[in-house]
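Read the structure below first, then the notes.
The values are calculated or read from the model by the stated rules, or taken from the named source; none is laboratory data. Since this is a predicted model, take the numbers as computed values, not measurements. Virtual Cβ from ideal backbone geometry, glycine too; neighbours counted across all protein chains shown. These area figures cover heavy atoms from the full protein model, side chains too; ligands, DNA and RNA do not enter into them. Shrake-Rupley method; radii C 1.70, N 1.55, O 1.52, S 1.80 Å.
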Amino acid sequence: MRQFLIFFIFFFSWFWNLQAQEGVIPRYKQVFADRDTVFLDSLSILPGSLVIEGVSPSQYSVDCIHGYLFLHDTTLYGKTLNCHYKLFHKSFAHRVYNKPISLIQEKGKFYKPEELNLPASFLLDYSSE
């Protein structure tokens with residue numbers, strides 16, 4: 001019984017840690033507002049998570065996909081802003097794919113190496129000659 005309890009605690013803690021890796025990343029950053037558009041982060045920001053200390057949400061807007069902060073109030077120029085926000089683990093602004101689209105073919109066609117016009121050295125011959 002004791003071994004089962006130890007195994008259960010170990011497995012539960014491992015599983016809990018595994019789930020923690022899929023969450024969001026909390027971030028604190030100080031930015032100097034020298035223009036109306038400020039780049040915050042290269043990853044995508046969780047919508048609604050950006051809080052700037054001492055600044056009303058009506059004085060700024062944020063592009064969550066690209067990670068930009070847009071200032072609407074010119075009185076913020078020349079100030080250092082303390083930003084608290086959360087990030088996704090990736091950027092949604094860029095396309096992510098692992099195969100070229102040219103490999104997609106019509107339904108019903110199959111891969112036939114002899115139709116690729118490759119040199120003979122690229123094709124493997126498994127015949128028993």
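Remind me, relative contact order of region 60-101 in percent, using alpha carbon pairs under 8 angstrom and six or more residues apart?
For region 60-101, the relative contact order is 34 percent.
For VAL62, VAL31, write out the residues from largest to smallest accessible area, computed with a 1.4 angstrom probe and no ligands counted.
In descending accessible area the options line up as VAL62, VAL31.
May I ask you to rank ASP63, ASP36 by accessible area, largest first, using a 1.4 Å probe over the protein chains only?
Numbers: ASP63 40, ASP36 80 Å².
Greatest to least solvent exposure: ASP36, ASP63.
In what sequence, highest mean first, do 42-48, 91-97 appear when ranked by Cβ atoms within 10 angstrom?
So the order, starting with the most tightly packed, is 42-48, 91-97.
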